[in-house]
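Trainee: Sharing a structure with you now.
The values are calculated or read from the model by the stated rules, or taken from the named source; none is laboratory data. All values reported here derive from a predicted model rather than from experimental measurement. Heads up, the Cβs are rebuilt from the backbone with ideal geometry, glycines too, and the neighbour counts pull from every protein chain shown. Calculation scope for accessible area: heavy atoms of the full protein, side chains included, ligands and nucleic acids excluded. Shrake-Rupley method; radii C 1.70, N 1.55, O 1.52, S 1.80 Å.
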Amino acid sequence: MITTTELWDDAALTALTAGATLLGADLKAGLFVNTVSPGKTLVIADLTPPPYASYVVQSVVMGAAFRDPVNGIASLGGSLLWQMTGTPTACIINGIYYTYGTGPLLLGVEVFAQPIALNDDLDAFSTVLEYIQSSQNQGFSTIIR
């Protein structure tokens, strides 16, 4: 049985993922190597990108809304692969950030529980964004594989 709250959450999330802003067509993800403390005053300029030449901020495509048994109504983004190509520049990745819109605007920052070392072009990891629309635990989290 779907409750009224879930119907609202599902409709709201569907509108967000279909829109041209926020979780729509212009949602992007980037990595940072410096140490930061997420907070209200943090801006994109505070985040230092990885130094390897092939690094690019990537587009995130969100999937359809579904019921997550723990968090309620949610949506998963497509998996993003982070890997050096060409001449490697070893670095430690401390976290991921999300942007949207022109400017762009900073949507959120997530510091990894354990930093990830990229030493050469054989090291790689992938991330998936889970956006939680439900009134139970609204927000987002990054799944690392």
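Trainee: Ordering 68, 123, 9 by accessible area with a probe of 1.4 Å, largest first, what comes out? Before the final figure, lay out the partial values.
Mentor: Values: 68 25, 123 45, 9 5 Å².
Order by accessible area, largest first: 123, 68, 9.
Trainee: Ok, one more. May I ask for the angle, rounded to the nearest 10°, between helix 4-18 and the longest principal axis of the chain, with both axes built from Cα atoms and the value confined to 0 to 90°?
Mentor: Helix 4-18 sits at roughly 40 degrees to that axis.
Trainee: Please give, to one decimal in nm, the separation of the simple spin-label points placed at residue 83 and residue 117, each 7 Å out from Cα toward the Cβ.
Mentor: Here the answer is 2.0 nm between the modelled labels.
Trainee: Suppose every Lys and Arg Cβ carries +1 and every Asp and Glu Cβ carries -1, with no other charges. What dipole size does the chain come out with about its Cα centre, to the nearest 20 debye?
Mentor: Values: 4 positive and 11 negative charges, 29 e Å.
Using Cβ point charges on Lys, Arg, Asp and Glu, the chain gives about 140 debye.
Trainee: To the nearest whole percent, what portion of all C-alpha pairs in region 76-141 is separated by more than 20 angstrom? Present the calculation step by step, with values, prior to reporting the outcome.
Mentor: Numbers: 894 of 2145 pairs.
Result for the distance tail: 42 percent.
Trainee: If a/c stays under 1.5 just call it rounded; otherwise compare a/b with b/c (prolate if a/b is bigger, oblate if not). Do that for region 39-79, with a ≥ b ≥ c from the square roots of the Cα gyration tensor eigenvalues. If you can, show how the numbers build up before the last one.
Mentor: Numbers: a/c = 3.65, a/b = 1.73, b/c = 2.11.
Oblate shape, in that a/c is at least 1.5 and b/c is the bigger or equal ratio.
Trainee: Can you send over the solvent-accessible area of residue 31, 1.4 Å probe, protein chains only, in Å² to the nearest 10?
Mentor: Accessible surface of residue 31 is approximately 0 Å².
Trainee: Once the Cα gyration tensor of region 1-111 is diagonalised, what are the square roots of 5 times its eigenvalues, in whole Å and ordered largest first, as equivalent ellipsoid semi-axes?
Mentor: Numbers: eigenvalues 183, 46, 37 Å².
The equivalent ellipsoid of region 1-111 has semi-axes of 30, 15, 14 Å.
Trainee: Between residue 54 and residue 144, what is the FRET efficiency for a Förster distance of 25 Å, r being their Cβ-Cβ separation, to the nearest 0.05? All intermediate terms of the calculation are to be shown ahead of the outcome.
Mentor: Values: r = 20 Å, r/R0 = 0.79.
FRET efficiency, residue 54 to residue 144: 0.80.
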